[in-house]
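Visitor: One structure is given below, represented as structure tokens, and several questions about it will come after.
Please treat every number below as a calculation from the coordinates, not as lab data. Everything numeric in this text was worked out from a predicted model, so none of it was measured. Heads up, the Cβs are rebuilt from the backbone with ideal geometry, glycines too, and the neighbour counts pull from every protein chain shown.
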Amino acid sequence: MLLKDKVAIITGAASPRGLGFATAKVFAGQGAKVVLIDLDDGASKKAAAMLGEQHLGVAANVADERQVSAAMEQVLAKYGRVDILVNNAGITQPIKLMEIKRENYDAVLDVSLRGTLLMSQSVIPTMRAQKSGSIICISSVSAQRGGGIFGGPHYSAAKAGVLGLAKAMARELGPDNVRVNCITPGLIQTDITAGKLSDDMKAGIVAGIPLNRLGEASDIANAALFLGSDLSAYSTGITLDVNGGMLIH
């Protein structure tokens, strides 16, 4: 098993059809003890219970420093270490440039960008002490192509910020043997997209994807497994595209 005896934290992981829970299932299947963090305590605990009793569900707003610290105290009290962090939590808003208000901007950037920073800061001391660790940041193809299907410009900005932050962290943490990498998903079929694509819209999108299909949550989960495991031991600061080829220029 690729993650035997590893402890992995995954944020935004309570939704049964989401990227976070799909990643949690793959990690658990590879031997990891998984901590699922989400806003709702009951949903987090229920999702963890679906994986087995050795896993942990914790409620926290990743954009709130106190809640992040409290969550990390629970993790370290139970497991004593952290080997992998997947910064998956994020929100999107399908609004156009001139419609973006301060509250929209703050909400989207707080979760995706501030949340990535705060969660990473919370695990870095432990990973540095261990002289090992892998931080995986979920960005988006919208950061690379200047917009997506459902996210507004502020979502693209937040996810582009994640790319820059991850590279800077990779550079700083490399000497501590802590790796930081990004995944940029294309259009993945999750609860966010469910019911929002007409047949014509879906056909138009698929026509621009060389692999001729939308992505599945498992596609991202398997990419995260690669980056979280020793299979990628000499990779840091990379951006791993998982989009079926839609970004080919």
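Visitor: With θ set to phi - 60°, apply the Karplus curve 6.51 cos²θ - 1.76 cosθ + 1.60 along segment 33-46 and write out the HN-Hα couplings as whole Hz, x wherever there is a Gly or Pro.
Guide: Once θ is set to phi - 60°, the couplings for segment 33-46 become 8, 10, 9, 9, 10, 7, 5, 8, 5, x, 5, 5, 5, 5 Hz.
Visitor: Just how far, in whole angstrom, is segment 7-81 from segment 98-140 if you go by their alpha carbon centroids?
Guide: Measuring centre to centre over Cα atoms gives 16 Å.
Visitor: Please list 3J(HN,Hα) in residue order for segment 201-212, calculated via the Karplus relation 6.51 cos²θ - 1.76 cosθ + 1.60 where θ = phi - 60°; whole Hz, with x for glycine and proline.
Guide: 4, 4, 5, x, 5, 4, 4, x, 10, x, 7, 6
Visitor: Provide the FRET efficiency to the nearest 0.05 for the M201-R17 pair, computing r from the beta carbons and using R0 = 22 Å. Let's see the in-between values first.
Guide: Numbers: r = 19 Å, r/R0 = 0.87.
The value I calculate is 0.70.
Visitor: I want to verify a result. In a Gaussian network model of the chain, Cα cutoff 10 Å, which of these has the top mean-square fluctuation: R145, R114, R17?
Guide: Result: R145 has the largest fluctuation of those listed.
Visitor: When only Cα pairs under 8 Å and 6 or more residues apart are kept, what is the percent relative contact order across segment 7-242?
Guide: On the way: 459 pairs, mean separation 46.9, N = 236.
Once divided by the residue count of segment 7-242, the mean separation gives 20 percent.
Visitor: Multiplying the sequence separation of L211 and R171 by 0.36 nm and subtracting their Cα-Cα distance, what value in nm do you get? Don't skip to the end; give the middle numbers.
Guide: Numbers: separation 40, 0.36 × 40 = 14.40 nm, distance 3.32 nm.
Contour length minus Cα-Cα distance gives 11.1 nm.
Visitor: A follow-up question, please. Explain nothing, just compute: Karplus ³J(HN,Hα) = 6.51 cos²θ - 1.76 cosθ + 1.60, θ = phi - 60°, for every residue of segment 230-242 in order, whole Hz, x for Gly and Pro.
Guide: In residue order, the calculated couplings are 6, 4, 10, 4, 10, 10, 8, x, 8, 10, 9, 6, 10 Hz.
Visitor: Calculate the spin-label point distance for E103 paired with E53, positioning each point 7 Å from the Cα along the beta-carbon direction, and give it in nanometres.
Guide: 4.6 nm
Visitor: If the elastic network links every pair of Cα atoms under 10 Å, which of T116, T190, T236 fluctuates the most in the Gaussian network model of the chain?
Guide: T190
Visitor: In debye, nearest 20: dipole of segment 7-164 around its Cα centre with unit charges on the Cβ of K, R (+) and D, E (-)? Let's see the in-between values first.
Guide: Values: 16 positive and 12 negative charges, 78 e Å.
Its charge dipole is roughly 380 debye.
Visitor: Next question. Over the chain, one equal point on each Cα, no solvent: what is log10 I(q)/I(0) by the Debye formula at q = 0.14 Å⁻¹?
Guide: Result of the Debye calculation: -0.88.
Visitor: Taking the chain as a Gaussian network, where each spring joins two C-alpha atoms under 10 Å apart, which residue of G57, G115, G215 fluctuates the most?
Guide: G215
Visitor: Given H placed 1.01 Å from N in the peptide plane, which residues other than close sequence neighbours of V180 have an amide H under 5 Å from its amide H?
Guide: I135, G237
Visitor: Sort out for me the Cα centre separation of segment 215-243 from segment 163-178, rounded to whole Å.
Guide: Cα centroid to Cα centroid, the span is 16 Å.
Visitor: Mean residue ellipticity at 222 nm from the helices of the chain, using -39,500 (n - 2.57) per DSSP H segment of n ≥ 4 over the full residue count, to the nearest 500 deg cm²/dmol? List each step's numbers first, then the result.
Guide: Working: 9 runs with 108 residues, N = 249.
Dividing the helical sum by the residues of the chain leaves -13500 deg cm²/dmol.
Visitor: In what sequence do K96, K6 fall when counting other Cβ within 10 Å, fewest first? Intermediate values should be presented prior to the final figure.
Guide: Values: K96 9, K6 24.
Least to most surrounded, the residues fall as K96, K6.
Visitor: Kindly put M50, M119, M72 in sequence by how many other C-beta atoms sit within 10 Å of each C-beta, fewest to most.
Guide: Values: M50 15, M119 26, M72 23.
Going from least to most buried by this count: M50, M72, M119.
Visitor: Testing the spin-label approximation: label points 7 Å from Cα along Cα→Cβ at Q30 and L76. State their distance in nm.
Guide: So the two model labels end up 2.6 nm from each other.
Visitor: Going by a ≥ b ≥ c, the root eigenvalues of the Cα gyration tensor, does segment 100-214 fall in the rounded group (a/c under 1.5), the prolate group (a/b larger than b/c) or the oblate group?
Guide: Values: a/c = 2.73, a/b = 1.79, b/c = 1.52.
Verdict is prolate for segment 100-214.
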